[in-house]
Amino acid sequence: KDALCKVATMNIGLPDTLAYYSPEEFSAGFKKTMAFQPRVIKQNRGSSGEGIWIIKLKDENYCKEYGERSCEDGEKLVLMEANDNHEEEHTVAEFVEFCVHGRTDKSGEWTSKGVGKYLEGGKEAGGQLVDQRFCPRIVEGELRYNLIGDSLIGVIHKKPKEGGISAVGGTGSIYTFYGPEEPLFASLTENFLKKDLPHVMPSLDLADEPLPLWWTTDFINASPPGTKAEDEKWIVGEFNCSCVGISRCLAAYCKDDTPNACWDDISEEDKAEAKKMGDLMGEKALAILSK
């Protein structure tokens, strides 16, 4: 998630994206940003939305200017966790306590499947929280760009289940698949592949490294409703290259309601597309090794 801070000044970033590495930084920074507008707090570790919180003030008493005030410890928060879209209510102090120390006698009762302690181990161990502006159009869905190296191989529109915010797999979200040249997203695709992509690895201090073989970029529409498509601003909600699945193979995903799912449950069309992806990954890997 630290990458979101490093691309904050790019076209695909939000300038008010902050990173916290210590309890003191987090407590002071979060109380200031939370008093101004709804926020998304993301832990650096974990996957599938665990430890990603969409947060609003219960009384919605936001200040007009950033820094005008900071939240008090006793102010109530309404929180939704992205892994399963469940909601909880806690005070500011309880949320800070849970994020720093986990479940304690000061954190209140939590129904989250997670354990908190997002800063545990310090920066060296990946202990970090990212604080980003909440983009309300997330309810319309996000766009996942699937890439093999620098080649876009498809776009997935991931729409949350009605009433939810997160489109993580297994939460009832609806996935619609598009090809890499889909006209609906032509402006975003053109800008990302030609203007932003060449600067992504340098911005992450990885200028000498190749792009990942199989990775994704999730985009959220940060523009006001009614903005023309060519003028829309799409921001990165997440880069992922550590545990990326192949969505064409979702039919083989074992869940509580499909405990015996397997390869044979995937359609022939989706199997063929998955094979194309694997072949292209092999070609890109060979090219890297041949340099």
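So what's the convex hull volume per residue for the Cα atoms of the range 193-291, in Å³?
Measuring per residue, one finds 178 Å³ for the Cα hull of the range 193-291.
Calculate the dipole size of the range 17-116 relative to its Cα centre from +1 charges on Lys and Arg beta carbons and -1 charges on Asp and Glu beta carbons; express the result in debye to the nearest 20.
It comes to approximately 320 debye.
Just need the relative contact order of the range 74-165 here, percent rounded to a whole number, with Cα pairs under 8 Å and 6+ apart.
Worked out over the range 74-165, it gives 17 percent.
Rank P212, A229, P180 by how far each Cα sits towards the positive end of the charge dipole of the range 117-235 (+1 on Lys, Arg Cβ; -1 on Asp, Glu Cβ) and give me just the farthest.
Checking the options against the dipole of the range 117-235, the answer is A229.
Taking the Cα centre of the range 88-186 as origin and charging only Cβ (+1 Lys, Arg; -1 Asp, Glu), how large is the dipole, in debye to the nearest 20?
140
Averaging the inverse of every distinct alpha carbon separation and then flipping it gives the Kirkwood radius. What is it for the range 1-58, in angstrom units?
Result for the range 1-58, one decimal place: 12.4 Å.
Taking a cut-off of 20 Å, what percent of all Cα-Cα pairs in the range 233-291 are separated by more than that?
49
If you build a Gaussian network model of the chain, linking Cα atoms that sit under 10 Å apart, which residue out of A82, A222, A252 swings the most?
A252
How big is the dipole moment of the range 151-247 about its Cα centre under a simple scheme where the beta carbon of each Lys and Arg is +1, that of each Asp and Glu is -1, and everything else is neutral? Debye, nearest 20, please.
Here the size comes out at about 320 debye.
When the Debye formula is applied to the Cα atoms of the range 95-164, each taken as the same point scatterer, what base-10 log of I(q)/I(0) results at q = 0.18, 0.26 Å⁻¹?
Debye intensities relative to I(0), on a log10 scale: -0.94, -1.02.
Please compute the Cα-Cα pair-distance distribution of the range 50-141 with 5 Å bins starting at 0, giving whole percents from short to long.
The percentages, shortest bin first, are 3, 12, 20, 25, 20, 14, 6, 1.
State the extension gain, in nm to one decimal, for the chain segment bounded by L286 and E68, taking 0.36 nm per residue of separation less the distance between their alpha-carbons.
My answer for the length gained is 73.0 nm.
Taking Rh as the Kirkwood radius computed over C-alpha pairs, what is the Stokes-Einstein D of the range 71-229 at 4 °C in a medium of viscosity 1.567 mPa s, expressed in µm² per second?
So the translational diffusion coefficient is about 70 µm²/s.
Would you report the distance distribution of C-alpha pairs in the chain as whole percents per 10 angstrom bin, up to the bin with the largest distance?
Bins of 10 Å from zero give 6, 26, 34, 24, 9, 2 percent of pairs.
Could you compute Rg(Cα) / (2.2 N^0.38 Å) for the range 196-253, with N its residue count?
Normalised by 2.2 N^0.38 Å, the Cα Rg of the range 196-253 equals 1.46.
Tell me the Kirkwood radius of the range 27-97: reciprocal of the mean inverse pair distance over distinct alpha-carbon atoms, in Å.
12.3
So what's the angle, to the nearest 10 degrees on a 0 to 90 scale, between helix 23-36 and the longest Cα principal axis of the chain?
The angle comes out near 90 degrees.
At 222 nm, what value in deg cm²/dmol follows for the chain if DSSP H runs of at least 4 each add -39500 (n - 2.57) and the sum is divided by all its residues, to the nearest 500?
-6500 deg cm²/dmol
What distance in nm separates the simple spin-label points at C241 and E25, each placed 7 Å from Cα in the Cβ direction?
Roughly 2.3 nm, to one decimal.
When ligands, DNA and RNA are left out and all protein chains stay put, how many square angstrom of accessible area per residue does the range 137-291 have with a 1.4 Å probe?
Per-residue value: 56 Å².
The values are calculated or read from the model by the stated rules, or taken from the named source; none is laboratory data. All values derive from a computational prediction rather than experimental measurement. Counting neighbours? That spans all protein chains shown, and the Cβs are built from the backbone with ideal geometry, glycine included. The accessibility values were calculated without ligands, DNA or RNA, using every heavy atom of the protein model including side chains. Shrake-Rupley method; radii C 1.70, N 1.55, O 1.52, S 1.80 Å.
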